[in-house]
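Take a look at the structure set out below.
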Amino acid sequence: MTDSISTASLKKLDLGTLIACCLAVAAAQLCITVPSPINGEIQAAFGASGSQVAWVTSAFILPTAILELNFGVVGDLFGRKRLLVLGGLVLALGELLNATSQNITMMWTGQALAGIGAAALFPSSLAVIAAATPDGKDRAKAVSTWALSISLASAVGPLSSGVLATVADFRWAFVPPVVLGLAVAVACWKLVTDSKAPEGRALDWPGQITIAVGLTALLWGIIEGGDRGWGSAAIVGSLALAAVALVGFVVAETRAASPMFNLDLLRIPSFAAAAVVALAGMFGFIGTAYCVSIRLGAVMHLSALRAGMPFVILQLIPLLLAPVLSRMLTRVDARWLLMGGLLPMAAGQFWIAALPITTTSLAAFIGPVLLLGIGFICVVSSLTSAAVNAVPIHMTGMASGATSLVREFGQGLGPAVISTIAMSAASSALVGKLNGADAGMEAAAGPLAVVNAGSDSARAAAQTALGHGMALGVVICGCASLLGALVTLLLVRKNAARAAVGAGGEPSVRAATA
């Protein structure tokens, strides 16, 4: 498959296009990290339960995960420049709703809109860079710069969010993303050299609809199950709908002329293992981040700036390790890089779980956060390589996109599952310890409400109970990382037959992340 450029054929990626694409992906990534330090403020301002706060992150990540594959096809068909401009505008609109939100529902809507914009920006920015860099070395340098933009945005997001929420209302934390989204639209319109690759590409509507319904129903059922009861008609119906829709996705992909995901890839042990690792690793990482943000903000009532500092340290590590990792990726088998990432992540998670709930010193979090950061960047850097190196070369683009979908769904699943487990454990720990209005408050709104508005004795009891729940949640995150390490050890292997199998096809631009 060839990739056509709307102007004269490019021999070298122009600086303007690179800058605009890096700005686009940085804006999308920054929006993911902005809520982390201010979950406590959001919970207090809207009187939200633990599951409702979990939706703030999941509402953004879910549309990003389910739309990214088909948005890559849309860009190939109609031009990536248009999709970048539209993505920037939709991102800005969603963040504007967040900045003016008056209730939790309005914030969920804003997050979902922003997530749709991010789903357009992530694949389109990478595809534009890959299309304009036919030379392998030039492409590697450009993609490294693109990835560095993600790391930088991940560090800046929590810092700016924490500062703005400390000196002003927490809604101001969403103003920089609004400006960035508009800047992305203008920069991409003015600077990006357009490209498309329509040959052999088609939208897989049955696959897109069924995967969207399935993942949304599954996530909704998991998040709401703790509050509504797992036996309630709404939850049972939601999980049943998820099962039917996911089966429908399998059927749709087996019959599609141009499937968004070739199910034969799951027969390759290394690829299937990489998908499991992506789900488990990101589930554990984001689940841990959710617990840390809740315990520092909503439970211990630290300022947004202080609550955000562990996340700043966490995201600065990829910047420091970027030069070393670029060399390691070419010299070390992805299997060992995955193991070398998942094990430190697990160690950091168990360390955080052991910290008493009353621990608020930044120094106490530096050790486990360093382990988490080192593990995270090793896992993210090697995941795509492990997946695409296991499949025929002409299917590397699909493998990369599918891994991204699973990875991002894992990020949405983490807060959903962990919030349900943590809050249920905290509620169970409070049984028989509260009386009168405090007991009624816990029954109606959960332990977070008690720790914020109960009597002094009730607050102390709720704090202890939440500490127990959060510790349990982080232990489960650590176990997920260990599961990923075990799957990696047993199943991830080099595919010696890859070159012969893939000889008949040409790699997609998404393979640039390998």
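The values are calculated or read from the model by the stated rules, or taken from the named source; none is laboratory data. Here the structure is a predicted model, which is why all the values come from computation and not from measurement. Positions of Cβ are generated from backbone atoms using ideal geometry, with glycine treated the same way; all protein chains shown enter the neighbour counts.
Worth a mention:
- Subset tally (residues that are hydrophobic (A, V, I, L, M, F, W, C) and surrounded by fewer than 18 Cβ atoms within 10 Å (Cβ to Cβ)) for region 192-248: 15
- Looking across E224, E199, one residue alone is part of a helix (DSSP H, G or I), modelled with pLDDT under 85 and acidic (D, E). It is E224.
- Where a residue in region 90-119 is in the same structural domain as V184 (by TED's automatic domain parsing) and its partner, wherever it lies, is among the acidic types (D, E), with Cβ under 8 Å and at least six apart: G110/E95; A114/E95; A119/E68
- Residue match in region 76-86 (condition: modelled with pLDDT under 90, of a type in the set (K, R) and touching a strand residue (DSSP E or B) at 6+ places or on another chain (Cβ under 7 Å)): yes
- Checking R295, R267 one by one, the residue that is surrounded by fewer than 17 Cβ atoms within 10 Å (Cβ to Cβ) and either in contact with a Phe, Trp or Tyr (Cβ under 9 Å, 6 or more places away or on another chain) or assigned by TED's automatic domain parsing to the domain that holds A485 (or both) is R267 and no other.
- Summed over region 24-49, residues that are assigned to a loop (DSSP other than H, G, I, E, B) and at pLDDT 85 or above total 2.
Let's see how each residue does on (1) at pLDDT below 75; (2) under 24 Å from S293 (Cβ atoms); (3) surrounded by 21 or more Cβ atoms within 10 Å (Cβ to Cβ):
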| residue | (1), (2), (3) |
| --- | --- |
| L338 | no, no, yes |
| A399 | yes, no, yes |
| L413 | no, yes, yes |
| V431 | no, no, no |
| L434 | no, no, yes |
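- Among the residues of region 67-90, those that are of a type in the set (A, V, I, L, M) and out of contact with any Pro (no Cβ under 7 Å at 6 or more places or on another chain) comprise L67, L69, V73, V74, L83, L84, V85, L86, L89, V90.
- Residue in region 409-430 that is over 30 Å from S270 (Cα atoms) and assigned to a loop (DSSP other than H, G, I, E, B) present: no
- For region 249-264, taking the residues that are aliphatic (A, V, I, L, M) and not in a helix (DSSP H, G or I), the one that is surrounded by the fewest Cβ atoms within 10 Å (Cβ to Cβ) is identified as A257.
- Qualifying residue in region 243-253 (condition: charged (D, E, K, R), farther than 30 Å from S428 by Cβ and assigned by TED's automatic domain parsing to the domain that holds A132): no
- Neighbours by Cβ (under 9 Å, 6+ apart or cross-chain): first from region 292-318, free of Cβ contacts under 8 Å to residues at least 24 places away in the same chain; second part of a helix (DSSP H, G or I) and among the polar types (S, T, N, Q): none
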